[in-house]
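Right, one structure below, let's go through it.
Every number here is computed from the coordinates shown, using simple stated rules; none is lab data. This structure is a prediction, so every number in the text was calculated from the model and none was measured. Virtual Cβ from ideal backbone geometry, glycine too; neighbours counted across all protein chains shown.
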Amino acid sequence: MLLPFGKPSVARTVGVLVVAFGVLVGGTWLIAKATSDYLLAQSATITARNWAQYMVASVADLEHIASGELPSAASTVFLEGARKAGQLFRYEIFNREGFSQLIADQEQIAPVDISEFSADAAAAIKSGRPVLQTVAGSPGFPSYFARAYVPVIVEGRPIAIVAAYVDQTDQRDSFYGTFLVGAVALCLLTGVSFGAPAFAWYSRTREKQQADRRIRFLAHHDALTGLSNRAQLIDEMNTAFAVSVAGGDELAVHFIDIDHFKEVNDTLGHDGGDFLLKTVAERLRAVTRLGDTVARLGGDEFVVLETGVVSRNQVEEFAHRLTAAIAEPIRFKEQEIITTVSVGVALAPADGATPERLLKSADLALYKSKFDGRNCVRFFVPEMDADLVNRIALERVIRDAVAHGGFELHFQPLFEVSDRTLLGFEALLRLRGADGEFIPPMTLIPIAEEIRVIDKIGAWVLKEACRTAATWPSHLTVAVNLSPSQFAAGSVSDMVAATLAETGFEAHRLELEITETLLLGNSEAIMAELDKLKAMGVVIVMDDFGTGYSSLSYLWRFPFDKIKIDRSFMQGLGNSGHNAETVIKTIIALGRELDMNVTVEGVETAKQAAFLDAANGDQVQGFFFGRPMPASDVAAEILANRPRPDEPEIPAQARAR
């Protein structure tokens, strides 16, 4: 018999155990009954023999009775008394040849009319020993009785045989009652003694088989979601290649990554993250067809293998159904999770003739989807292979720089608009690639965030900027950008406090720049950290204002010290009518009303500088006033912009609004 999981054993073994148990209990019963029957027979025959011997000893004229004479008066009295005894219900006297001469029962004592031969009596005479028997169910007699044929030997010569019949029915019933109780108790004890270990073995075997099934399941499935894992996916893809592609059909692999999944873990904890992963798995199962395969490769990465593909349009429509299903709001406790996914798609056999190559192509397309801003679907194109090589090389350069201190800091000057006074510098991260050229920040920072080293880099930038700025004149400030990942990695306020203490840099000279995206997550926790920083005396700056959500609620919920208008407004100056100019002037006026300085980034021409003069701007930064420079050139820049002898230095805190 085969069980569902394919092993014959438990049912067969259980059957053997049941048979063995039955044999054991039945054998126990039979042994107990045989023992009881033996003891009963022994007791019964002993009783009968004793009665017979008692009669031999009590009847003096046995030889005369055996020869056919009537018993004497004394013997008659004894026989009458014995006949009325409780258990003794019959006796007989035989001659020495084994023929009956006298029979006494409950009704009479009389010589026999016709003598009958008894082989048992003859055997007793011949052997000289009693012949003992138990009889059950004989007609005209008690249901169970014993009889004893005892030879009478006088001076070595047999003279008669006395047979005594004893009713043993009550004793048998008592024996059997006792036997039944004892046998049942013995069987129960045997059953418990056998059954307890057998049940324990059976339970352990079942547990082991369930564990084995679980192990086999986990070898091919994801423990959290129950989806196929990579090994199972590869097997399914091999089968699909053998069947579908060989038959002329195409396959599609949809490589899916949940956007900003780490933020869900950070805000809702790992319970919330696991709930999101399981929900996504259920929705992917619901939207796929019977022949498709859904797998989780680990983390927040899923793969859907689509079979029976006939056109690219079919694949694209299916990909959008996947993203739409996942985009539906998800309720977790009292929270609503709204998530999006990035999807990379590759088709077989065009984009890969093996499962590994097809997965790699889909993964490359996924990288493209992320690079293009996430929440989109991208198909693999051959050029992505070169992009992957470059990406891997960049990751290697970044990791090596983190491990061996390969980063540099450049400093871009910041000026007062009205009198062009140097106020300080912004620290900008720089890293040279394998070709010796600087890697663009827009490429460097996202990769550093994805490979999760941005917190280490940020800590190095802060410490190096403060250490360098500590050598400048005391009225100059340094601005450092903080990444949202740094806030997620730990306590930024503790890091800043430790850095200021180590470098001896004054807190009021440090400007920390954050973007609006930081406040979109766990804003209460972020606000608490910003409050701690502000309490230290650090200047808090809203960077890139005018992009993203630009929610004015942030400006009144937290008292920022400064607003930095994104460089895109300067680039749009003169190209979009008066819209850019109006927005810039409005933000400057807003900052003045909120008692916040306003810095305009990206000023690169004299015309743009003149506009800011006319707009009565506060501070300015851009190539027109100074390009980012290495730390070794900062001293020359400070000297070139030092105050004239007749103009005293203006402390930065005095200029702050």
Open item on the list: For a protection proxy built on the mean count of beta-carbon atoms within 10 angstrom, sort 529-541, 67-79, 328-340 highest first, please.
Closed with: 529-541, 67-79, 328-340
Open item on the list: Using just the Cα positions, wrap segment 368-490 in a convex hull and report its mean projected area in square nanometres, one decimal place.
Closed with: 10.4
Task: Listed peptides 461-474, 387-400 by packing density, highest first (mean Cβ within 10 Å) - done: 461-474, 387-400
- [ ] Using a cut-off of under 18 Å, list every residue of segment 138-176 whose amide N is near the label point 7 Å from the Cα of Asn50 along the Cα-to-beta-carbon line.
- [x] 145-150, 163-175
Task: Gain upon complete extension [Arg642, Asp419; 0.36 nm per residue less C-alpha separation] - done: 79.0 nm
Open item on the list: Considering all alpha-carbon pairs of the chain, what whole percent are spaced by more than 37 angstrom?
Closed with: 64
Task: Backbone N under 20 Å from the Ser58 label point (7 Å along Cα→Cβ), restricted to segment 156-194 - done: 160-169
- [ ] Write down, largest first, the equivalent ellipsoid semi-axes of segment 230-382 in whole Å, where each equals the square root of 5 times an eigenvalue of the alpha-carbon gyration tensor.
- [x] 27, 15, 13
Task: Ala231-Ser115 pseudo-label distance in nm [points 7 Å out on the Cα-to-Cβ vector] - done: 9.8
Open item on the list: Can you list residues from other chains, or at least 5 along the same chain, whose modelled amide H is less than 5 Å from the amide H of Val381?
Closed with: none
- [ ] Starting from the Cα of His404, step 7 Å along the direction of its Cβ; do the same at Val154; then give the gap between the two resulting points in nm.
- [x] 13.2
Open item on the list: Which one, Ala362, Ala281, Ile337, projects farthest toward the positive side of the charge dipole computed for segment 247-391 from Cβ point charges (K/R +1, D/E -1)?
Closed with: Ala281
Open item on the list: Using Cα-Cα distances under 8 Å and only pairs 6 or more residues apart, what relative contact order does segment 96-210 have, in percent?
Closed with: 16
Open item on the list: Under the rule of at least 5 residues apart or a separate chain, name every residue whose amide H is placed under 5 Å from the amide H of Asp351.
Closed with: none
- [ ] Along Cα→Cβ, 7 Å out, is where each label goes; now give me the distance between the ones at Ile451 and Ala242 in nm to one decimal.
- [x] 3.9
Open item on the list: Using 0.36 nm times the number of residues separating Arg557 and Leu590, minus their current alpha carbon distance, what extension gain do you get?
Closed with: 10.4 nm
Task: Positive-pole candidate from Pro130, Phe438, Gln619, dipole of the chain, charges at beta carbon - done: Pro130
Open item on the list: List the residues, sorted by chain then number, that are 5 or more residues from Gly433 or on another chain and whose placed amide H is less than 5 Å from its amide H.
Closed with: Phe438, Ile439
Open item on the list: For the chain, give me the percentage of DSSP beta bridges that are antiparallel, rounded to the nearest 5 percent.
Closed with: 70
Task: For segment 405-643: relative contact order, % (alpha-carbon pairs under 8 angstrom, 6 or more apart) - done: 22
Open item on the list: Quick check for me: using +1 on Lys/Arg Cβ and -1 on Asp/Glu Cβ, what's the dipole size of the chain about its Cα centre, in debye to the nearest 20?
Closed with: 1720
TODO: Using only the Cα atoms, work out Rg/Rh for segment 405-643, with Rh taken as the Kirkwood radius, to two decimals.
DONE: 0.94
Open item on the list: Could you give the length gained by full extension between Arg430 and Leu388, i.e. 0.36 nm per residue of separation minus their alpha carbon distance, to one decimal place?
Closed with: 12.9 nm
TODO: Mind pulling the per residue volume of the convex hull built on the Cα atoms of segment 12-172? Å³ is fine.
DONE: 135
TODO: Pairs of Cα atoms under 8 Å, at least six residues apart: use those to get the relative contact order of the chain, whole percent.
DONE: 8
- [ ] Let me know the shape class of segment 429-482, please: from the alpha-carbon gyration tensor, a ≥ b ≥ c as square roots of the eigenvalues, rounded when a/c is under 1.5, otherwise prolate if a/b is greater than b/c, or oblate.
- [x] prolate
Task: Gap separating the Cα centres of segment 109-125 and segment 577-638, nearest whole Å - done: 145
Open item on the list: At 222 nm, what value in deg cm²/dmol follows for the chain if DSSP H runs of at least 4 each add -39500 (n - 2.57) and the sum is divided by all its residues, to the nearest 500?
Closed with: -16000 deg cm²/dmol
Task: Alpha-carbon centroids, segment 312-357 and segment 439-499: separation in whole Å - done: 35
Open item on the list: Taking the Cα centroid of segment 247-261 and of segment 386-406, what is the distance between the two, rounded to the nearest whole Å?
Closed with: 27
